[in-house]
1. When ligands, DNA and RNA are left out and all protein chains stay put, how many square angstrom of accessible area per residue does the chain have with a 1.4 Å probe?
2. Gaussian network model of the chain, Cα springs within a sub-10 Å range: biggest mean-square fluctuation belongs to which of Ile15, Ile78, Ile52?
3. Using a probe of 1.4 angstrom, how much of the accessible area of the chain is carbon and sulfur, in percent?
4. Compute a Gaussian network model of the chain, connecting alpha carbons closer than 10 Å, and tell me which residue from Arg67, Arg178, Arg196 fluctuates the most.
5. As a test, work out the antiparallel percent of DSSP beta bridges whose residues both lie in the chain, rounded to the nearest 5.
6. Across all directions of projection, what mean area in square nanometres is found for the Cα convex hull of the chain?
7. I'd like the Kirkwood hydrodynamic radius of the stretch 36-83, using the inverse of the mean 1/r over distinct C-alpha pairs, in Å.
8. Which value does Rg/Rh take for the stretch 135-229 over its C-alpha atoms, Rh per Kirkwood?
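The values are calculated or read from the model by the stated rules, or taken from the named source; none is laboratory data. Keep in mind that what you see is a predicted model, and the values were worked out from it rather than measured. Backbone-built Cβ (ideal geometry, glycine too); neighbour counts: all protein chains shown. These area figures cover heavy atoms from the full protein model, side chains too; ligands, DNA and RNA do not enter into them. Shrake-Rupley method; radii C 1.70, N 1.55, O 1.52, S 1.80 Å.
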Amino acid sequence: MRPPHILLVEDEVHIAQGLVFNLELENYRVTHVDTGAAAMQAFAATAFDLVILDLMLPDSHGLDLCRQMRKQAPQLPILILTALGEEKDRVKGLQEGADDYLNKPFNLDEFLLRVRGMLRRSKWYRPEADLSEPYLFGNNRVDLDNLKAKTRQGEITLTELEARMLATFFATEGQTLRRGDLLEQVWGLSSDTETRSLDNFIVRLRKYFEEDPSQPQHFLTVRGRGYRFVQKPGA
Ligand code: CA
């Protein structure tokens, strides 16, 4: 199996050297660049498995790179590195399609954990065969590859998070997923994190895909435990 190939965009030499060294110790292949121009050049030439993106670069802002990369590769995991005081950028980064962020200075173990988690999730999110085909349930047709779905409301465009959540449900059809597992799998958050966003998300999926969102047939609550997705109710 080929090792995951990571694009590291970071202009601070010492940080970059440390990250390259440690990522390579973990057997990842790393391409390191220190400008936005070089990043986009590398990005155009190579299909990376993960991008690690510093925000403050000498020739560009990481958010612009994030937006461009996201447009061309909707499913590519992007990890943003932010310095303290860039809180607003962090939120914007998530809106621009970044999947996760780390504040500098960060703990190396946590960094490596995030990288591993993101690569694992993206593999799960892009399974070899069946989820690349449109997935059918109820009167819905979900095309995860193109982030499109046909529902009773017509065609909708899915966000990355929605798609990741659906991929998780489809891959575990019929099984109860604990809330903590869903949070970790979809958001990469530890299970003791605030879970209200998860519940809001389920409400949103029911609105999209259930005939009667107040009587869900597909996205079921398992009281006290979590959620379960059922493709064919009553089957
Ligand atoms: Ca920088």
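1. Solvent-accessible surface per residue comes out at 53 Å².
2. The residue that fluctuates most here is Ile15.
3. Summing carbon and sulfur atoms, their accessible area is 49 percent of the total for the chain.
4. Its mean-square fluctuation being the largest, the pick is Arg196.
5. 50 percent
6. It is 13.6 nm².
7. 10.8 Å
8. Result: Rg/Rh = 0.94.
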